[in-house]
Amino acid sequence: MNLKTLVSLLITVAHSKAATGMTIAESQRRRYVGFDLGTSGARISVIEQDQSNYQEVHAESIKWDGKDAYDDADSWMNAVQNLLRGASSSLGGLDSVASICVSGTSASCLLMDRSTMEVTRKPRMYNYDVVGSTEDDTNAKEAMELLEKHAPPKHTARARTGSLAKLLTWMKEEPLSENEVLCHQSDYVSQKLMGKSTQSVSSDWHNCLKLGYDVKQTKWPTWMADCFKEAGLSDALSGNGILPLKIVSPGARMGIVHNEVAQELGLPDDCVTVGGTTDSNAAFFAAAGTRPAVGTAVTSLGSTLAMKQMSQEYVEDASRGVYSHRFPSFEESEEATWLVGGASNVGCAVLRKLEFSNEELASLSADIDPTKDSPLEYYPLVKPGERFPTADSDKQPVLDPVPADRKDYLHGILQGIGDVERDGFEVLQELGAPAPTIVWTCGGGSNNDMWSEMRERRLVAKFDNPDIKVKKAECTEASYGAALLAAATFTNSEC
């Protein structure tokens, strides 16, 4: 039995008695929708239960183009609506959809009027740095001074690309109107699906982390109230304030799709929206499921390297690029667990910069012995600057000396990238997380079996544990992970 099957079986057993009175046989006929709004486009996954497993019965992607930009809120909704219509055509209708979950890029947010749901300040996306993004960044610098004065040292919300930094900068640029409220990308889509039936905004633990939400105490911290008060806003944490009012676990019920929206899109009148997540967390759920064991990790080997791991301990250190997301809670009595990790600037992009073709990578990798160490000690950055396992804006690439044999060069580079992963797990362990037990790998680098063997051997040696395994993940699409979240708590009590 593979991990995905085991995860799905656990979900089925734990939640088979639906609060709505559904039997297992009935719940197996229900479908669950996940959306991922990414930097290149939007994707939908529709899943349903097949005995003890979840099967993807429909998937489709839409690419952003000149008309539909990735940072345009109307484009997000157009994509969601078109993808739902495509799914309806493919599946013969959407009347069996029980729930919808949306993942979006981390810290991408906008301001909207809570009474009309119209966008009042256009989206500032995940990579929008408030300092330096405009010709005059005086407002941003003042906002950052305020944030750094009140936010605890090493707190994730202190980032210049975080949603709290964006909100404070908006407030400096122009006073807030009475009805303005912040929405993350995921929040906005879910809110539009729920329609005008509510005057408040709902969000989730994952999207609100970089807004300053205390994921340990599951409430807004007092330092935020002090920060907003100094900024001239005394009621920010109230029900009519600038912040989302209802913060739920990813996958927990938020509300019902509005009847007019449901009718227009062919959804049932009892279809619910659930707490969303960020794209990288959704990719973790796709690879490892929604019930992974402590020590389970997922490494993405794309242009850059990102890693997340299940931990019983909360860890955080902004100086080392480490943060913790609270793992979704599917039972009220569940003890808090954490999705800890970080993202490095090291990754496969360096291979393109050094002009390794796909054919060359395949042929040279076949000749590399993964049981042997390379004597070369590289730090394969494309340009200066590192985020994790240490945050150092001056960290320099190390790609010298260059050996005469391209095979030896590739060996050293792949070992160097793998060692950043290894050192990342070591940092997480130093901060209180467990050593990894299994590392599911996604991204282009997951297709290199030799590299997986090399990484596994060096992880085994580092942590003195012969049972550590490195494997290619079967499922990696964030939309699939979002769909799993939509399914995971569908049988919980009504929202």
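With the helix formula -39500 (n - 2.57) applied to DSSP H stretches of n ≥ 4, the chain reaches a computed 222 nm mean residue ellipticity of -10000 deg cm²/dmol.
Once the chain from E260 to A293 is taken as fully extended at 0.36 nm per residue, the excess over their C-alpha distance is 7.8 nm.
How many percent of the accessible area of the range 288-423 is carbon or sulfur, using a 1.4 Å probe? That share works out to 47 percent.
Compute the distance from the alpha-carbon center of the range 454-477 to that of the range 385-445, in whole Å. What the calculation gives is 14 Å, centre to centre.
Based on the convex hull around the alpha carbon atoms, the range 361-467 presents an average projected area of 7.3 nm².
Under the simplified labelling scheme, the S363-D408 pair shows an inter-label distance of 2.0 nm, with each label point 7 Å from Cα along Cα→Cβ. Residues in the range 398-437 average 37 Å² of solvent-accessible surface per residue, probe 1.4 Å, ligands and nucleic acids excluded. Between the range 312-346 and the range 68-95, how many Å separate their Cα centres? The range 312-346 and the range 68-95 have Cα centres spaced 32 Å from each other.
Using equal-weight Cα scatterers in the Debye expression, the normalised intensity of the range 241-300 in log10 at q = 0.15, 0.21, 0.23, 0.30 Å⁻¹ is -0.67, -0.92, -0.97, -1.14.
Run through every distinct alpha carbon pair of the range 66-136 and return the Kirkwood hydrodynamic radius in angstroms, one decimal place.
Taking every pair of different Cα atoms in the range 66-136, averaging 1/r and inverting gives 14.8 Å.
Between D449 and K219, the contour length at 0.36 nm per residue exceeds the Cα-Cα span by 78.4 nm.
Given a cut-off of under 8 Å on Cα pairs at least six residues apart, what relative contact order in percent is computed for the range 375-427?
Numbers: 57 pairs, mean separation 21.0, N = 53.
Here the relative contact order equals 40 percent.
Between D129 and E148, the modelled label-to-label distance comes to 1.4 nm, taking each label 7 Å out from Cα in the direction of the beta carbon. Site pair D269 and K372 shows an inter-label distance of 7.2 nm when each label is modelled 7 Å from Cα along Cα→Cβ.
The relative contact order of the chain comes to 18 percent, based on Cα pairs under 8 Å that sit 6 or more residues apart.
With kT/(6 pi eta Rh) evaluated at 10 °C and eta = 1.306 mPa s, and Rh the Kirkwood radius from Cα pairs, the range 114-244 diffuses with a coefficient of 106 µm²/s according to Stokes-Einstein.
Write down, largest first, the equivalent ellipsoid semi-axes of the range 182-253 in whole Å, where each equals the square root of 5 times an eigenvalue of the alpha-carbon gyration tensor. Present the calculation step by step, with values, prior to reporting the outcome.
On the way: eigenvalues 89, 45, 17 Å².
Its equivalent ellipsoid spans semi-axes of 21, 15, 9 Å.
Taken about its Cα centre, the range 32-159 carries a charge dipole of about 240 debye when Lys and Arg each add +1 at the Cβ and Asp and Glu each add -1 at the Cβ.
Working from the Cα coordinates of the range 259-386, the gyration tensor eigenvalues give, after taking √(5λ), semi-axes of 37, 22, 15 Å in decreasing order.
Given the range 218-275, report the % of alpha carbon pairs whose separation exceeds 15 Å. For the range 218-275, the fraction of Cα-Cα distances above 15 Å is 62 percent.
Report the full-extension gain for the segment S61 to E335: residue separation times 0.36 nm, less the Cα-Cα distance, to one decimal in nm. Write down the numbers at each step before the final one.
Working: separation 274, 0.36 × 274 = 98.64 nm, distance 3.64 nm.
Additional length available on full extension: 95.0 nm.
What the Cβ-Cβ distance of S115 and D72 gives, at R0 = 35 Å and to the nearest 0.05, is a FRET efficiency of 0.95.
Averaging over every viewing direction, what projected area does the convex hull of the Cα atoms of the range 417-495 cover, in nm²? If you can, show how the numbers build up before the last one.
Values: hull surface 29.5 nm².
For the range 417-495, averaging the hull's shadow over all directions gives 7.4 nm².
The alpha carbons of the range 106-167 give a radius of gyration and a Dmax of 12.5, 38 Å, in that order. Solvent exposure of the range 150-223, expressed per residue, is 35 Å² of accessible area, with all protein chains present and a 1.4 angstrom probe.
The values are calculated or read from the model by the stated rules, or taken from the named source; none is laboratory data. Note that the coordinates shown come from a computational prediction; the quantities given were computed from them, not determined experimentally. FYI the Cβ positions are ideal-geometry reconstructions off the backbone, even for glycines, and counts take in every protein chain you see. Areas reflect the complete protein model, heavy atoms only, side chains present, ligands, DNA and RNA absent. Shrake-Rupley method; radii C 1.70, N 1.55, O 1.52, S 1.80 Å.
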